[in-house]
Structure formats: C-alpha cells, structure tokens
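This report refers to the structure that appears directly beneath it.
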Amino acid sequence: MKASYHKYILNFKIPGGTSRGILTTKETWFIVVEEKNRWGIGECGILRTLSIDDRDDYEQKLKWTCNNIHLGKDKLLENLVEFPSIQFGVEQAFLSVESDDPFVLFPSQFTGETFININGLVWMGDELYMKNQIEEKLLKGFKCIKMKIGAIDFNTELKLLKSIRKDFSAREVEIRVDANGAFSPAEALEKLKILSELSLHSIEQPIKPRNYEIMAGLCKTSPLPIALDEELIGIFDVTEKKKLLQIINPQYIILKPSLIGGYKGAEEWIEIAERLNIKWWVTSALESNIGLNAISQWTYNLNTTMPQGLGTGSLFTNNFDSPIEVKKGKLIWQADKKWDINNIKKLLSIK
C-alpha cells in the first residue's frame, strides 16, 4: 500500500458569518491510498483556529502518516491521537480502499433508497441577510433551522426568531441556535431565559469551553436545553470524556468527527452520553462532499431520527460533484448519479 496527501481550498459561494469571524475559504486535506488495483480517499477536515490540531507541524504529520501507511489503521490511529482530523482521514481512507466502491464506506439503504433529516443552516449577518436566509430555508421545506447567533445585536436576533415563531409554531418548525461561546458567563443565564420564551429546541455552546463549573450551573438551571460542541474538542482520553459529561451533565452533545477523532472518537462520546441519558446529534465541520459523504453514511447507520447537521455540501463553488443532495430538508443519495474519480484526481493534482 502507498499513500499521498493533497491540499485543497474550498471557496464559499457566500461568506459565512460566525461569532469567530467571516469565512470565505475552507482549507482541507486528503489522504489517498492505493493498494494493488484499489484506490481510496479520506478527508482530513481541519478547521483553522478551532481544531485542536491546528498546529505548525500539521503537514509534517500528514507526511509521516503517508510514509508509514504500512503500519495499518489501528497503529496509525494510536500515533495520531493529537491530530483528530488526520485520524478521521485515515479511517475513511482505509474503509474506502477496502470497499468495492471507494465512496460506499457503510453500505445501507441510505446509498440509494432513503434519506437523513437535516437542519437548514442560517449564517450570521445583518438583519436583512439573516431574514432572507430564514425565508429561503422555510421555502425549501426545512422543518428544522439552526441559526448562528452572538455576532450582531441580541435584540435584533430575538426579533428574527420572533418573526419565525409568529408564523410557525414549534411543532411546525424546530429552531436551534448556536452561540459558538459568544455569551459572557455573567449574562448567559438571563439570555437563555429570554430565548427559552421562543420555544426553541436548544442552544449550542452558550459560553466558551473549559468553564466547567459555570457550564454545569447553566445546564442545571437553564430553561433552554444546552448542547455542548466546542467543549468536546481536545478531550482525547475516555476517562476525561466521562468526567466532563458527568460534571457538566448537558442535555445534548454535538459530534463533529473531524474535530473529535473520527468515528472511533465520536463513538466513545456516544457510548458515554447514552449511559448518562444525554442525547446527541452529528454535524459536519465544513468538509467537502467527500468528507460529508463519509459522515452521512456512518450517521445513517446510527439509527437516529433527530435532524442532523449535514446540509453543508452546497456551500462551496468548487466542491466535488456528488450523488448527495439536499431536497425538502432531507439529505439524499441520488442513485442515478456517480462520483467522478478522474475529476477528483484532476482537482487534487493526483497523478
């Protein structure tokens, strides 16, 4: 078996606003493996400034991984604990090269017959921009909307949320909000109380991570359910994962395989969460369609019925053509469409 790595820059169709800034491009990397007449690919979906493996030696570690691909998946994963996005790329690449179809990693009804319910993502921006996004998502048939908050005036965000609730009840449209840690500990509870009056499903990461006692207090007293997201990043040890969830005891956790050690890391979180009666859902981390495909197939096999955060494939102008499409608030695999391996190789400059 031989392996190589390849960098690719995804360009946003429209800049994506978060409380951490405006996104116009997304850097990603791919591990390509070849064995005999088989070819496989895995995406290492790093998010600069957020991923724990946003380090100066990232590319060096990718090179080491490819040079040592002969060690096998398990040994590589052991040596890549501090590089969760590369772990995920390795997992995908081995599944891909071992499959009869390099893009069918988890055979199921999803690859041709059924769908995954997903949320529609509303990026931060000025009032008119966010209002237009909300209306677009509702027109496209989304029954669950996730709205980024925390970057503009809180009262303006409340006004937008109230405008949805004026026309759509909680039964008709589920609303999730994501603060990305934007609230200060001093103001968080009061804002959560105000938001709870709008019959929202939950709020992601109201305050910055690593404030365990404060977050635990919020999860205990908030009338609005809280989901941990960034809080899970950088926790590698199973014992530490268990300790974190026991201390904070959130209502939900959100799993981004690229940020928490791939399938293996996410499954550890799920096992611990379910023992503690904590619910969860899966979200992509702005991967290309290759990584999104890998996450979606795995998610489907988890047999969850909650809307998942997997509607990011249409965000980029130069994404890879894929059978995966979003229709009426659902993620589907178009059985009559095929991956174009030759085009992928061309875009990634693979010889």
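Here are some notes:
- Boolean, Glu204 is within 18 Å of Met130 (Cβ to Cβ), surrounded by fewer than 21 Cβ atoms within 10 Å (Cβ to Cβ), within 19 Å of the chain's Cα centre (by Cα) and of a type in the set (Asp, Glu): no
- Restricted to segment 22-54, and to residues there that are free of Cβ contacts under 8 Å to residues at least 24 places away in the same chain and under 20 Å from Gly234 (Cβ atoms), the residue that is surrounded by the most Cβ atoms within 10 Å (Cβ to Cβ) is Glu27.
- Any hit, segment 185-192, residues being farther than 24 Å from Cys219 by Cα and surrounded by fewer than 13 Cβ atoms within 10 Å (Cβ to Cβ): no
- Filter pass, Pro209 being closer than 21 Å to Ile272 by Cα, assigned by TED's automatic domain parsing to the domain that holds Gly329 and touching a Ser or Thr at 6+ places or on another chain (Cβ under 8 Å): no
- Meets criteria (within 23 Å of Phe106 (Cβ to Cβ) and not hydroxyl-bearing (Ser, Thr, Tyr)) for Ala227: no
- Search result, residues across segment 245-271 that are surrounded by fewer than 24 Cβ atoms within 10 Å (Cβ to Cβ) and either out of contact with any strand residue (DSSP E or B) (no Cβ under 8 Å at 6 or more places or on another chain) or among the charged types (D, E, K, R) (or both): Gln246, Ile247, Asn249, Tyr263, Lys264, Glu267, Glu268, Glu271
- Asp74 part of a helix (DSSP H, G or I), without any contact (Cβ under 8 Å) to a residue 12 or more places away in the chain and either within 30 Å of Lys146 (Cβ to Cβ) or out of contact with any Asp or Glu (no Cβ under 7 Å at 6 or more places or on another chain) (or both): yes
- Residues satisfying the criterion are present in segment 272-289 (criterion: crowded, with 24+ Cβ neighbours inside 10 Å, of a type in the set (Val, Ile, Thr) and within 11 Å of the chain's Cα centre (by Cα)).
Results for (1) crowded, with 19+ Cβ neighbours inside 10 Å; (2) at pLDDT 90 or above, shown as yes or no for each residue.
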site	(1), (2)
Ser99	no, yes
Thr111	yes, no
Tyr129	no, no
Gly141	no, no
Gly150	yes, no
Phe168	no, no
Ile175	yes, yes
Ala179	yes, yes
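- If you go through segment 131-166 and keep only what is over 23 Å from Pro225 (Cα atoms) and either among the charged types (D, E, K, R) or assigned to a helix (DSSP H, G or I) (or both), you end up with Lys131, Asn132, Gln133, Glu135, Glu136, Lys137, Leu138, Leu139, Lys140.
- Qualifying residue in segment 329-336 (condition: in contact with a Gly (Cβ under 7 Å, 6 or more places away or on another chain) and among the aliphatic types (A, V, I, L, M)): yes
- Checking each residue in segment 334-351 for being farther than 25 Å from Ile116 by Cβ and surrounded by 12 or more Cβ atoms within 10 Å (Cβ to Cβ) picks out Lys345, Leu347, Leu348, Ile350.
- Those residues of segment 221-277 which are touching a residue at least 24 places away in the same chain (Cβ under 8 Å), of a type in the set (S, T, N, Q) and out of contact with any Ser or Thr (no Cβ under 6 Å at 6 or more places or on another chain), in sequence order: Thr221, Ser222, Gln246, Asn249, Gln251
- Meets criteria (of a type outside the set (Phe, Trp, Tyr), on the phi < 0 side of the Ramachandran plot and either surrounded by fewer than 22 Cβ atoms within 10 Å (Cβ to Cβ) or in contact with an Asp or Glu (Cβ under 9 Å, 6 or more places away or on another chain) (or both)) for Ser296: no
The values are calculated or read from the model by the stated rules, or taken from the named source; none is laboratory data. Quantities reported herein were computed from a predicted structural model and do not represent experimental measurements. All Cβ positions, even for glycine, are placed from backbone atoms using ideal geometry, and neighbour counts span all protein chains on display.
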